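The values are calculated or read from the model by the stated rules, or taken from the named source; none is laboratory data. The model shown is predicted, which means the values in this text are computed figures rather than measured ones. Here the Cβ is made from the backbone with ideal geometry for all residues, glycine too, and neighbour counts use every protein chain on show. Ligands, DNA and RNA are stripped out before the accessible areas are found, and what is left, the full protein with its side chains, is counted by its heavy atoms. Shrake-Rupley method; radii C 1.70, N 1.55, O 1.52, S 1.80 Å.
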Amino acid sequence: MKTKTFILLATGAFCILFVAFSCSKEDYSYNTNSRTLDLGENYSYVSTTQALGKLGRVLFYDNSLSINNSVSCGSCHKQSRAFADDKRFSRGFENLETSRNTPPIQNLNLLGPNVTFGPVGKIGQALFWDGRERVLQNMVVQPIFNHVEMGMRDTKRIVEKVKSKPYYNQLFFEAYGDEDINMERISEALSGFVSSIVSFNTTFDAAFPFGPFTNPNPTTAEERGMNLFMGKYNCNSCHDMFSPSGYSEPLDNEFINIGLDANPSDLGRGALTGLESDNGKFRIPNLKNVALTAPYMHDGRFATLEEVLDHYSHNVASHPNLDDRLKDQNGSPKVLNITASEKKDMIAFLNTLTDMTMTTDPKFSDPFKKR
């Protein structure tokens with residue numbers, strides 16, 4: 001009798017412990033009752049195979065890559081916002097805010113993974129606001145390990161979670177010819193999908209495929225805005241509209257201090273390199289789809305394009321590292337005094353950089369459908 005009582009008590013204690021563990025934030029269970037995986041159609045991807053692109057798409061949108069199954073890469077990189085976020089700071093797996101604004105992830109690997117450029121033979125374009133990574137296959141997994149974003153602590157746990165989902169065996173077999181799931185393949189598939197997110201189907205691309213041209217007698221707001229962007233205000237010297245990355249790779253021109261703050265709390269590139277000459281510098285963003293990627297700057301301080309132009313018009317702060325293109329002949333911040341009509345025209349031009357094909361293409365969409 002005592003033995004039976006002991007067994008019952010022990011069994012009950014085990015069940016309580018099991019339930020308590022299952023409810024912890026490291027619970028590996030994944031609620032598939034409200035979402036189903038819909039891969040009814042096969043799509044082609046420009047930078048990878050069809051099967052690897054499909055696998056990468058599923059990984060990109062799968063909440064199970066976060067520690068508590070609450071967020072995915074696609075939670076912050078929204079297709080409708082050109083794979084940026086519409087919030088100043090995105091929220092991670094515990095609903096905590098990130099420290100920087102989520103940048104768009106388009107045209108990230110058009111130079112190829114091994115192409116070098118610049119005076120020191122850099123590999124690939126700068127990634128993240130501070131350029132701490134240049135290899136796309138490394139970049140795509142860093143948010144998974146981030147303590148705010150997705151919260152995973154080691155490679156083993158990520159692989160275990162992916163293995164636990166029944167749909168991945170077939171997806172890995174289709175992509176690799178076997179069902180071996182490992183971290184290298186996960187990062188390769190993710191980077192293959194992300195590198196396929198390219199944007200070249202804009203009004204601007206269709207009108208000016210062979211390089212810059214300004215109409216000396218503009219008749220539309222878009223033409224007037226382009227003339228101001230390319231000419232009077234020389235915005236294109238930083239934001240190169242004819243470069244895949246959005247800035248001029250042959251020049252060492254990836255990071256810039258635009259006078260956001262006289263004493264910046266976020267040192268940007270300088271926090272990474274430790275060089276005072278890099279303080280306040282951030283990666284020049286690609287302006288493709290810029291009308292969709294608000295809020296703007298590394299900290300999302302500007303809610304609209306009007307506010308961005310107001311900054312360049314008369315709010316550039318003095319800083320030792322302020323870019324020379326934003327200084328007058330005396331070395332002080334330029335006061336451009338962009339007029340209201342000029343701002344309106346420049347915004348009309350910036351809207352010609354919108355690629356609605358990319359932002360609605362089903363091959364980039366979330367394959368997990370709500371029931």
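Structure summary
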quantity: Above-threshold pairs, the threshold being 22 Å between Cα atoms, out of 78/281; 87/161; 232/327; 87/232; calculated: 78/281; 87/161; 87/232
quantity: For segment 145-212, size of Cβ-based charge dipole, Lys and Arg +1, Asp and Glu -1, in debye; calculated: 300 debye
quantity: Probe 1.4 Å, protein heavy atoms only - accessible area per residue of segment 244-349 in square angstrom; calculated: 45 Å²
quantity: Global form of segment 180-315, assessed from the alpha-carbon gyration tensor, a/c cut-off 1.5; calculated: oblate
quantity: Most to least packed among 271-279, 171-179, 141-149, 82-90 [average Cβ atoms within 10 Å]; calculated: 82-90, 141-149, 171-179, 271-279
quantity: Distance between modelled label sites at residue 315 and residue 303, nm, 7 Å Cα→Cβ extension; calculated: 1.2 nm
quantity: Per-pair calculated FRET efficiency, R0 = 45 Å: residue 357 and residue 328 via Cβ, rounded to 0.05; calculated: 0.60
quantity: Computed E for residue 95/residue 242 - FRET, C-beta separation, R0 51 angstrom, nearest 0.05; calculated: 0.80
quantity: Cα→Cβ-extended label distance, 7 Å offset, between residue 261 and residue 336, nm; calculated: 2.3 nm
quantity: Burial order of peptide ranges 155-166, 258-269, 57-68 (average beta-carbon count within 10 Å, highest first); calculated: 57-68, 258-269, 155-166
quantity: Between segment 50-107 and segment 303-351, the alpha-carbon center distance in angstrom; calculated: 31 Å
